[in-house]
Each structure stands twice: as structure tokens, then as C-alpha cells.
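Let me begin by presenting the structure, written as C-alpha cells, before commenting on it.
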Amino acid sequence: MEDWLRHLFSYLPESGGYYLLIGLIAFGESLVGIGLLLPGSTLCVFAGFLALHGKGEITTLICSAAIGAFWGDVLSFVLGARFGPALLANRWLKKRLDLVRKAEIFFAEHGGKSVFFGRFFGPIRGFVPFVAGGAGMRPGAFFAYAVVSALLWGLAYPGIGWVAGVSWQNVQRWTGRFSLVILAALVVTVLWVKWRGRRKRR
């Protein structure tokens, strides 16, 4: 193990405390507004990289990230449903109204699928569940999309760090490729929905 890694490990919590920290990072990144300040995706990828080098167990790490991401989405959804207009009047969120509008447009165009795909688009990640709650999306449908997206996110980001973790440069390269895959999946989904709509109209 390289000296800088050994030095870093000495500053990190042990066992359960470490997994709790990862869960809180994923949770915070999914929260409306807070996620803009917290580079949770990068930190979870880095945690996967560290797991390859002996810090933590990758399966538990993935579970912690996925659980934190899911509950962050749930809280954002509840905040949107219960306190949406009041929170939007808050000075901090008022400065981010452009992101709220983008999330609203994204949700209007893609419906429930936006909860899944929005998780993989950094700036609007925490805003899409918030907007979904404010728009009155059915909780059952929201939870289904949120569970699947959180599981995939929790698997993908620490997983990329672990699988490609021979070097940090390699990790960064694979993270970029994964983002392109998600973008391609979104484009294919949109085109497929539009094609189905045209067939029905005919």
C-alpha cells in the first residue's frame, strides 16, 4: 500500500462509522439544495477505489451508498410534497430557481422516469424528487423508481472506483464513460416513448 493511502486511512472512521459516513454522503447529495454543495458521486467513487486498497468491504459500501441515496430522495420528495412553495421562497433556493425550473421541465417531459434518470445528472439530482413531490406524483410510483435508481447508483459509483481502481486516472475515465451510458439510455428511452406515442395516434 502506498504511503499516502495509509496516511489517509488513519483519518477515516473504522468499521460501522465508515459505512455510516458513506451513507450520509449519499444521503446529503440527494437532498434538495444540499446536494449542490456535496460532491457525493466523486466521494463514493473514491470510496470504491479505497475499498480495492483495503479500506472497507465493497458489498457493504455499495449497500450503504444505495440506502443513503434512497432516503435522500425520499426526504426530498416529502419536502416537495409538504413544504414545496414555502421552501422555494427560502433565500438559498431562490438563488437556484433556474435548477428548479430545469427539474420541472425534466419531470414534465419524462414523468416518473425522471426520478430514475435525474439521479445521474448532477445539478438537478436533488431537485427532481422535490419537484415530483410538489407535483403530486403517486408515492408508490415514486418509491419504485427511487429504489431502482438508488440501487443502480449505489452499485455503479463505488463499483466503478473498485473495478477500475488500479489508478485514480483510470477511475475518472470509467466514471465519464458511465455517464455517457446513462445519457444514451435516456435518449433511447425518450425516442422510444415518442415512437410509441406516434404509433398509438395512428
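The values are calculated or read from the model by the stated rules, or taken from the named source; none is laboratory data. Worth saying up front: this structure is predicted, and the values here are computed from it rather than measured. Methodologically, a virtual Cβ is constructed for each residue, glycine included, from the backbone with ideal geometry; neighbour enumeration extends over all protein chains shown.
Name every residue in segment 74-131 that is among the polar types (S, T, N, Q) and outside any helix (DSSP H, G or I), in order of residue number.
Of everything in segment 74-131, just one residue is among the polar types (S, T, N, Q) and outside any helix (DSSP H, G or I), namely 90.
In this structure, does residue 38 turn out to be within 22 Å of the chain's Cα centre (by Cα) and either in a helix (DSSP H, G or I) or modelled with pLDDT of 85 or more (or both)?
Taking the combined requirement at face value, the residue does not satisfy it.
Please find, among 165, 111, 133, 126, the residue that is over 11 Å from the mean Cα position of the chain (by Cα), small (Gly, Ala, Ser) and modelled with pLDDT of 80 or more.
None of the other options fit; the residue is 133.
Looking only at segment 14-49, how many residues end up being of a type in the set (Val, Ile, Thr) and within 18 Å of residue 127 (Cβ to Cβ)?
Residues flagged as of a type in the set (Val, Ile, Thr) and within 18 Å of residue 127 (Cβ to Cβ) within segment 14-49 amount to 2.
Spot the failing condition for residue 104; the list is (1) closer than 26 Å to residue 43 by Cβ; (2) crowded, with 18+ Cβ neighbours inside 10 Å, and only one is missed.
So the condition that residue 104 fails would be (1).
Within segment 22-35, how many residues are outside any helix (DSSP H, G or I) and of a type in the set (Gly, Ala, Ser)?
Total meeting the criteria: 2.
Within segment 68-97, restricting attention to residues that are at pLDDT 80 or above and among the charged types (D, E, K, R), which residue is surrounded by the most Cβ atoms within 10 Å (Cβ to Cβ)?
73
Here are 50, 61: which of them is buried (at least 18 other Cβ atoms within 10 Å of the Cβ), aliphatic (A, V, I, L, M), more than 17 Å from the chain's Cα centre (by Cα) and assigned to a helix (DSSP H, G or I)?
50 is the lone residue from the list that is buried (at least 18 other Cβ atoms within 10 Å of the Cβ), aliphatic (A, V, I, L, M), more than 17 Å from the chain's Cα centre (by Cα) and assigned to a helix (DSSP H, G or I).
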